[in-house]
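Worksheet for the structure shown next.
The values are calculated or read from the model by the stated rules, or taken from the named source; none is laboratory data. All values derive from a computational prediction rather than experimental measurement. Every residue, glycine as well, gets a Cβ built from its backbone with ideal geometry; the counts of neighbours run over all protein chains shown. Just so you know, the surface numbers come from the protein's heavy atoms only, side chains and all, with ligands and any DNA or RNA stripped out. Shrake-Rupley method; radii C 1.70, N 1.55, O 1.52, S 1.80 Å.
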Amino acid sequence: MTDLLELDRGELAQLIESLGQPAYRARQIWRQIYQRGVTDPGQMSDLPAELRRRLSADAEALAEPIELQTSADESTSKALLRLDDGELIETVLIRSEPRDTVCLSSQAGCAMGCVFCATGLQGLRRQLTTGEIMRQAILARSWSRDEGRELTHVVFMGMGEPLANYANVSEVIERLTHPDGFAMSPRRITVSTVGIPQNILRLASDHPHVNLAVSLHAPQQKLRRELVPVAGASVDDILDAVREHNRQTGGRVTFEYVLLRDVNDSRSHARRLAERIRGLRAHVNLIPLNPSPGVVGERPSRRATLGFQQALQDCGVPTTIRVEQGRDIAAACGQLRGDRLQESR
């Protein structure tokens, strides 16, 4: 079967040419998919009936959620999607006036092993294809449009490490920002990473206006390795890459910092963090741990969270505490998938 979402513009043009159709048909199909969100060729009304029939006979259907949960305040919806090979992934739509943000997964599972992350406990199953990532964005946009709204922002903060699936994530960014695609400003797209220096630099070169968020979680290497036990780059290596990203793009980087009670949430940790990032154009986003079964750590007290924030601010570091949405529907990365995997055992 041919999944049209897996084809880039050149490949789609080749397919249309092989069917004996004029080149402009490829442009029509592209706009139908990426501007109107029509993924069923049978519904592409500007195509001739015979072409719709031929494409429909060999088309991949857009996956529907096997489970969809919406928070009590209707601010957050989380979908569990089953891929063709049976793998499960999650997609989250966050409604926050005046924006609608989709949180995309880039891998089935994750190899980074962050001890406080439900997805990290599940291990890496495989990379998601370009089409599988793009399908999530198209679905989320359709949900927004059904509510009379519009998808405004995209964050690669779902399951997996986006920069470990660089080629496919980069292609998705191209389609999101292309005038004939979603036509989204790159300033409204954020890529979150635990820190892969060489791909942080690739992102700066390929997509200089896309926002970068780096999940640091500790100011010193020993503690970070305990929390993020993946081998590879050190805190120094990551900060060097961020410094170069600053230089190349002129943009500001966000450091994500999950706070765990009595582990990394003291004022001394905050002051050490401020020392490490001094001189960088950066903002720190504090995330009190969202506990879930099997993850390491406890949620810090409100007092400790505010104290950490104040210590950073006293050092001149801009910082916010993440506004939490969707806790009542297990919206944190990997929780819904983990529940379904447990049920199947």
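On full extension, the segment bounded by Ser268 and Arg126 gains 47.2 nm, given 0.36 nm per residue less the C-alpha separation. Database remark: amide H of Phe116 closer than 5 angstrom to the amide H of Val296 (H placed geometrically; neighbours at sequence offset of 5 or more, or on other chains; Pro and chain starts carry no H). The simple spin-label model puts a point 7 Å past each Cα toward its Cβ; for Glu97 and Ser301 those points are separated by 3.6 nm.
In order along segment 277-289, phi translates into HN-Hα couplings of 9, 4, x, 8, 7, 8, 10, 10, 9, 8, 10, x, 3 Hz, rounded to whole numbers, per the Karplus curve 6.51 cos²θ - 1.76 cosθ + 1.60 with θ = phi - 60° and x for Gly and Pro. Rounded to whole numbers, the Karplus 3J(HN,Hα) couplings from phi for segment 243-249 are 4, 5, 4, 3, 5, 6, 9 Hz, using 6.51 cos²θ - 1.76 cosθ + 1.60 with θ = phi - 60°, and x at Gly and Pro.
Report the local net charge at Val210: Lys and Arg +1, Asp and Glu -1, summed over other residues whose C-beta lies under 14 Å from its C-beta. It works out to a net charge of +2. Considering only beta bridges that DSSP places wholly inside the chain, some 45 percent are antiparallel. As a rough guide to protection, the peptides 196-202, 253-259, 219-225 ranked by mean Cβ packing within 10 Å, highest first, stand as 253-259, 196-202, 219-225.
Taking K and R as +1 and D and E as -1, what net charge do the other residues with C-beta under 14 Å from the C-beta of Cys315 add up to? So the surrounding residues net to +3. Whole-Hz Karplus values for segment 87-93 come out as 5, 10, 9, 10, 9, 10, 10 Hz, taken residue by residue from phi with 6.51 cos²θ - 1.76 cosθ + 1.60 and θ = phi - 60°; glycine and proline positions read x. Database remark: amide H of Arg125 closer than 5 angstrom to the amide H of Ala108, Gly109, Cys110 (H placed geometrically; neighbours at sequence offset of 5 or more, or on other chains; Pro and chain starts carry no H). A cut-off of 5 Å between modelled amide H atoms, ignoring neighbours fewer than 5 places along the same chain, links Ser96 with Thr101.
In the chain, carbon and sulfur make up what percent of the accessible area (probe 1.4 Å)? The nonpolar share, carbon plus sulfur, comes to 47 percent. Computed with a 1.4 Å probe over protein heavy atoms only, the accessible surface of the chain comes to 44 Å² per residue.
Relative to the dominant Cα principal axis of the chain, helix 335-344 is inclined by about 70°. Largest mean-square fluctuation among Leu124, Leu286, Leu51, in a Gaussian network model of the chain whose springs join Cα atoms under 10 Å apart, belongs to Leu51.
For Pro98, the shell of other residues with beta-carbons less than 11 Å away shows a net charge of 0, using +1 for Lys and Arg and -1 for Asp and Glu.
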